[in-house]
Every structure is written in structure tokens, then in C-alpha cells.
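Some notes on the structure that comes next.
The values are calculated or read from the model by the stated rules, or taken from the named source; none is laboratory data. Keep in mind the model is a prediction, meaning the values are calculated, not measured. Here the Cβ is made from the backbone with ideal geometry for all residues, glycine too, and neighbour counts use every protein chain on show. Just the protein is used for accessible areas: all its heavy atoms, side chains included, with ligands, DNA and RNA removed. Shrake-Rupley method; radii C 1.70, N 1.55, O 1.52, S 1.80 Å.
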Amino acid sequence: KAKGGTAKVSPAAYAKAVMKKVRATKKKSGAGKGVAVVGFTVAANGGLAGVKVIRSSGNAALDQIAVSHIQRAAPFPAPPAGVGRSFSFEFIGK
């Protein structure tokens with residue numbers, strides 16, 4: 001229900017905008033190889049409400065870089081009402 005001519009952002013478009021910001025953030029290297037999956041929640045104002053490792057890479061340094069990657073990507077666009085604000089990101093160390 002858009003009021004005042006504001007375009008309603010679909011959940012898919014919002015998720016895409018958040019992930020674009022995460023992917024545009026420069027990855028720090030040097031933590032070794034592996035894949036860490038981090039989950040994060042966006043606050044109502046677009047700030048980062050929380051971030052945690054969902055699936056560890058088995059490498060504590062890589063897991064920490066994955067968490068800091070999300071922290072550095074924030075803030076995100078403010079989420080439209082009624083849109084899911086929890087996301088996960090697969091951080092790949094090479």
C-alpha cells in the first residue's frame with residue numbers, strides 16, 4: 001500500500017539491493033581458503049541489527065573476516081514495511 005507516490009519495493013528487489021551492497025564491499029583477503037555462511041538482520045532504519053556465523057568455515061580467522069565483511073557493508077537501504085529483514089551470505093575465502 002504505497003502512499004504519496006512512493007514506489008513499493010518488492011521483497012525480491014529489496015533482497016537484491018542488500019546483496020548488491022554486500023557484494024560491492026571489498027573482500028579482505030589473507031584468511032585462507034574456505035566457505036563461511038553468515039546470517040544477518042537489517043534494522044528498521046537500514047542499520048545492522050545483528051550478524052553471526054551460521055556455518056563455520058572451520059577457520060576462525062576466515063569466519064571473523066566474513067562477519068566483518070557484513071559489518072563493513074552496512075548500513076543498508078531501509079527495508080520497506082512487511083519485508084523480511086534476515087539474510088544469509090556465503091563468504092568464500094580463496
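If you scan the range 12-37, which residues turn out to be in a helix (DSSP H, G or I), more than 12 Å from residue 77 (Cα to Cα) and open to solvent by less than 80 Å² (accessible area, probe 1.4 Å)? Before the answer, list the steps.
To start, the set of residues in the range 12-37 that are in a helix (DSSP H, G or I) comprises 12-24.
The next check asks that each one be more than 12 Å from residue 77 (Cα to Cα); those that pass are 12, 23-24.
Correct list: 12 only.
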Select, from 81, 74, 61, 44, the only residue that is in contact with a Leu (Cβ under 7 Å, 6 or more places away or on another chain) and open to solvent by 20 Å² or more (accessible area, probe 1.4 Å).
74
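Being out of contact with any strand residue (DSSP E or B) (no Cβ under 7 Å at 6 or more places or on another chain) and at positive phi narrows it down to one of 82, 34, so name that one. Give the steps one after another, and end with the answer.
Values: 34 fails: out of contact with any strand residue (DSSP E or B) (no Cβ under 7 Å at 6 or more places or on another chain).
None of the others qualify; the one that does is 82.
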